[in-house]
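To start, the structure under review is shown below, and the notes come after it.
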Amino acid sequence: MMKDHDLKYPEWQVPLQEVILEFDLDQLPGKIQRLETLIFQRLQALRSTNDGADERHAIANGVEILRTVKKERLDFPDWKQNP
């Protein structure tokens with residue numbers, strides 16, 4: 001696991017790591033909800049700036065990881081499937 005100081009955006013990447021490493025299905029939904037809130041808040045903050053493209057790209061990757069965790073561990077539907 002990476003150390004906090006190795007992460008470029010630790011305020012939401014650390015909680016993402018916690019989600020990835022959480023295998024207690026009772027704990028996982030709360031950690032996911034916290035992470036989704038942090039990502040939403042960060043995206044809101046980035047809306048008011050012209051820079052942040054790198055972080056927005058990193059967030060997009062993080063959201064994709066989160067979607068996979070939700071699908072594989074919590075049986076969420078895969079919204080990307082074609083009908």
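The values are calculated or read from the model by the stated rules, or taken from the named source; none is laboratory data. Because the structure is predicted, anything quoted here is derived from the model rather than measured. Here Cβ is always computed from backbone atoms with ideal geometry, including for glycine, and neighbour counts include all displayed protein chains. Areas reflect the complete protein model, heavy atoms only, side chains present, ligands, DNA and RNA absent. Shrake-Rupley method; radii C 1.70, N 1.55, O 1.52, S 1.80 Å.
See the values below:
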| item | result |
| --- | --- |
| Helix 53-74 axis, angle to the chain major axis (alpha carbon atoms, nearest 10°) | 10 |
| Given the chain, longest segment not containing exposed loop trypsin sites (Lys or Arg not before Pro) (DSSP; at most 12 other Cβ within 10 Å) | 9-79 |
| Normalised alpha carbon radius of gyration of the chain [divisor 2.2 N^0.38 Å] | 1.15 |
| Pair Ala60, Gln41: separation of 7 Å Cα→Cβ label points (nm) | 2.5 |
| Solvent-accessible surface ranking, highest first, for Asp6, Asp54 at 1.4 angstrom | Asp54, Asp6 |
| 1.4 Å probe accessible area per residue over the stretch 11-83, in Å² | 70 |
| Inter-label distance for Val14 and Arg67, nm, one decimal - labels placed 7 Å from Cα along Cα-to-Cβ | 2.8 |
